[in-house]
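Following: one structure in structure tokens, then a few remarks.
The values are calculated or read from the model by the stated rules, or taken from the named source; none is laboratory data. These numbers were taken from a predicted model, which means no experiment stands behind them. Glycine also receives a Cβ, built like all others from the backbone with ideal geometry; neighbour counts cover every protein chain displayed.
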Amino acid sequence: MKRMQTLCAITLALALGWNTVTSAQTQDGGVPGDWLANYTAARSLGLGGAFVAAADEPLGVMWNPAGLSMMFQNEAHFETARLQESTSLYSFGFAIPSRKLPSIGVTILALNSSEFERTSELNESLGSFGEGELAFILSGSKAISPRFSLGANVKIIRQSVEEFGATGFGGDLGLLYDLTPTIRLGATLVNLGGPNLTLRQESETYPAMLRWGAATRLFRGRALVSVELDHASGFGTTFHAGTEYWLFPSVGVRLGYNSDAAAAGMSYRLPSGLRLDYAVSDQELGMTHRLGVSFRFGGFFASSEADPPVFSPIGQQSVTQFNLKAKTKAEPTSWSLEIYGKSKEIMRRFGGKGSPPSHLMWDGKNEAGLPLPDGEYRYVLMVMDDEGREITGRERMVEITTSGPQGSVPVAVN
């Protein structure tokens with residue numbers, strides 16, 4: 001109850017701040033670097049752009065570079081989008097979390113537009129030309145304490161229009177703070193000291209921006225609620241909010257809203273570490289779609305696997321063996337393997353201090369030592385380190401069956 005009251009208070013403060021600032025918001029005909037400031041990936045678009053306190057993936061450095069400290073596994077992420085008027089957007093991110101050294105990430109974004117008509121002073125057609133923007137971002141993040149992380153981006157921006165081109169440099173500074181074990185606050189100062197680009201005579205400077213917001217996880221991490229305010233100096237403030245819920249360990253759905261449009265999205269996880277993301281938003285110029293694919297490997301993890309996944313306590317294979325593996329950012333302090341049924345009630349729990357053992361056996365009985373009925377049961381391994389981080393493995397399935405082979409035996413009668 002206290003957790004929900006805290007979140008409601010944060011949301012109300014953000015909404016009041018948004019209403020106060022947007023009352024003085026001015027209209028403009030375009031902002032330098034607007035494509036980069038308003039960039040959205042598939043997951044963040046589905047959350048309505050409310051990602052500054054939940055940026056736990058390589059492309060999340062666009063919202064908050066401190067989010068690299070929230071990652072546990074190495075991850076490569078690629079996205080593509082087809083925008084209006086023959087405009088395409090491509091993005092690639094790669095991040096490596098670290099235990100003692102800062103976590104690092106590299107991001108490349110490319111925006112290409114073509115088929116703009118070139119005309120003479122007499123409005124005669126002279127063919128067409130294109131415009132391109134390229135951003136290269138190097139990111140780093142370090143957890144100052146278990147609850148507080150700092151991160152920074154160094155950005156190199158390249159813009160070209162016809163035969164003209166310019167390069168500029170800038171940076172971002174972000175932070176994350178865990179208010180409670182489930183509520184996280186985030187803030188980022190964007191475009192510190194530039195970039196400044198001069199295509200011909202006029203110099204354009206990307207405006208400074210402040211992102212700040214909050215996110216909370218509910219239902220043991222299956223749900224996420226996030227809110228955010230983005231304020232660009234001289235151009236007003238926008239409000240973002242979104243929610244994410246994992247229906248199953250492999251399927252997640254999202255709904256989001258910002259000051260301009262509503263959005264929705266979904267993700268599908270594969271056992272190999274691949275994740276497919278999709279999002280759609282109904283904006284002023286039409287429907288916008290995002291499609292992304294990411295791959296997680298190595299890093300810090302907790303994994304468990306039952307061998308065999310189907311067993312019979314009264315048969316020849318009377319037990320199953322759980323093979324356990326874990327790697328934590330700090331020294332492990334405790335571990336637990338929970339087995340639960342369809343009602344999410346814990347049927348059996350194993351646990352201990354330090355690292356989990358390489359394997360343990362289960363005979364299909366509950367905490368009271370009574371045999372469990374036939375059916376499918378889910379299990380998950382969780383490991384806690386001495387800095388308060390909990391690494392949760394992927395949910396898997398194990399099945400108990402005491403019935404013999406089914407079928408009919410033909411009988412021939414002479």
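Of the residues VAL251, VAL190, VAL227, the single one that is under 16 Å from the mean Cα position of the chain (by Cα) and crowded, with 18+ Cβ neighbours inside 10 Å is VAL227. Residues in region 307-348 that are of a type in the set (Val, Ile, Thr) and closer than 25 Å to PRO373 by Cα: VAL310, ILE314, VAL319, THR320, ILE339, ILE346.
What's the total number of residues in region 199-213 that are over 17 Å from GLY174 (Cα atoms) and among the small types (Gly, Ala, Ser)? If you could, list the steps in order and put the result at the bottom.
Residues of region 199-213 over 17 Å from GLY174 (Cα atoms): 199-206.
Remaining after also requiring among the small types (Gly, Ala, Ser): 203.
Residues flagged as over 17 Å from GLY174 (Cα atoms) and among the small types (Gly, Ala, Ser) within region 199-213 amount to 1.
Among all residues of region 45-66, there is at least one that is over 16 Å from LEU138 (Cα atoms), in a helix (DSSP H, G or I) and at pLDDT 90 or above.
Restricting attention to region 381-413, the residues being modelled with pLDDT of 90 or more and exposed (fewer than 10 other Cβ atoms within 10 Å of the Cβ) number 0.
Could we say that TYR377 is over 30 Å from ARG184 (Cα atoms) and hydroxyl-bearing (Ser, Thr, Tyr) here? Step through it out loud before you land on a result.
Details: over 30 Å from ARG184 (Cα atoms): yes; hydroxyl-bearing (Ser, Thr, Tyr): yes.
Here the answer is yes, as TYR377 does meet what is asked.
Using the structure shown, decide if SER318 is in contact (Cβ under 8 Å) with a residue 24 or more places away in the chain, surrounded by fewer than 13 Cβ atoms within 10 Å (Cβ to Cβ) and outside the structural domain of ALA81 (by TED's automatic domain parsing). If you could, list the steps in order and put the result at the bottom.
Details: in contact (Cβ under 8 Å) with a residue 24 or more places away in the chain: yes; surrounded by fewer than 13 Cβ atoms within 10 Å (Cβ to Cβ): yes; outside the structural domain of ALA81 (by TED's automatic domain parsing): yes.
When the stated conditions are applied, SER318 passes them.
So in region 360-378, with the set limited to residues that are in a strand (DSSP E or B) and over 31 Å from the mean Cα position of the chain (by Cα), which one is farthest from GLY393 (Cα to Cα)?
First, the residues of region 360-378 that are in a strand (DSSP E or B): 360-362, 365, 371, 375-378.
When the remaining residues are screened for being over 31 Å from the mean Cα position of the chain (by Cα), the result is 360-362, 365, 371, 375.
On the way: LEU360: 16, MET361: 18, TRP362: 18, LYS365: 22, PRO371: 26, GLY375: 22 Å.
My answer is PRO371.
Within region 67-81, residues that are in a helix (DSSP H, G or I) sit with their Cβ atoms under 9 Å from residues that are among the aromatic types (Phe, Trp, Tyr), at 6+ positions apart or across chains, in these pairs: GLY67/PHE51.
Checking the structure you have, find out if any residue of region 164-171 is surrounded by fewer than 17 Cβ atoms within 10 Å (Cβ to Cβ) and among the aromatic types (Phe, Trp, Tyr).
First pass over region 164-171, keeping only residues surrounded by fewer than 17 Cβ atoms within 10 Å (Cβ to Cβ): 164-165, 167, 169.
Of the ones still in play, those that are also among the aromatic types (Phe, Trp, Tyr) are 164, 169.
So far as region 164-171 goes, yes, one or more of its residues are surrounded by fewer than 17 Cβ atoms within 10 Å (Cβ to Cβ) and among the aromatic types (Phe, Trp, Tyr).
For region 282-316, a residue qualifies if it is under 29 Å from GLY48 (Cα atoms) and among the acidic types (Asp, Glu), and the qualifying residues are ASP282, GLU284.
When you look at GLU244, is it of a type in the set (Asp, Glu), part of a strand (DSSP E or B), under 16 Å from the mean Cα position of the chain (by Cα) and more than 23 Å from GLY393 (Cβ to Cβ), yes or no?
Numbers: of a type in the set (Asp, Glu): yes; part of a strand (DSSP E or B): yes; under 16 Å from the mean Cα position of the chain (by Cα): yes; more than 23 Å from GLY393 (Cβ to Cβ): no.
The answer is no for GLU244.
For region 91-111, a tally of residues being at pLDDT 80 or above, touching a Phe, Trp or Tyr at 6+ places or on another chain (Cβ under 8 Å) and either surrounded by fewer than 20 Cβ atoms within 10 Å (Cβ to Cβ) or over 30 Å from PHE297 (Cβ atoms) (or both) returns 4.
Residues of region 274-288 that are touching a residue at least 60 places away in the same chain (Cβ under 8 Å) and over 12 Å from SER44 (Cα atoms): LEU285, GLY286, THR288. Exactly one residue out of ASN258, ASN196 is closer than 15 Å to PHE51 by Cα and either outside the structural domain of SER103 (by TED's automatic domain parsing) or at pLDDT below 90 (or both), and it is ASN258.
Which of (1) touching a residue at least 60 places away in the same chain (Cβ under 8 Å); (2) more than 23 Å from ARG275 (Cα to Cα) is the odd one out, the single condition LEU224 does not satisfy? With (1) touching a residue at least 60 places away in the same chain (Cβ under 8 Å); (2) more than 23 Å from ARG275 (Cα to Cα) applied to LEU224, the lone miss is (2). With the structure loaded, tell me whether VAL280 is under 22 Å from the mean Cα position of the chain (by Cα), surrounded by fewer than 16 Cβ atoms within 10 Å (Cβ to Cβ) and in a strand (DSSP E or B) or whether it fails that test. Spelling it out, it is not the case that VAL280 is under 22 Å from the mean Cα position of the chain (by Cα), surrounded by fewer than 16 Cβ atoms within 10 Å (Cβ to Cβ) and in a strand (DSSP E or B).
Residues that are of a type outside the set (Asp, Glu) and either not in a strand (DSSP E or B) or not assigned by TED's automatic domain parsing to the domain that holds GLY105 (or both) were ranked within region 142-168; the one that is nearest to ARG99 (Cα to Cα) is PRO146.
Out of curiosity, is ASN196 farther than 30 Å from GLU345 by Cβ and under 24 Å from the mean Cα position of the chain (by Cα)? Before the answer, list the steps.
Details: farther than 30 Å from GLU345 by Cβ: yes; under 24 Å from the mean Cα position of the chain (by Cα): no.
For ASN196, the condition - farther than 30 Å from GLU345 by Cβ and under 24 Å from the mean Cα position of the chain (by Cα) - is not met.
For region 276-317, the set of residues classified as at pLDDT 90 or above and more than 27 Å from ARG254 (Cβ to Cβ) consists of SER304, GLU305, ALA306, ASP307, PRO308, PRO309, VAL310, PHE311, SER312, PRO313, listed by residue number.
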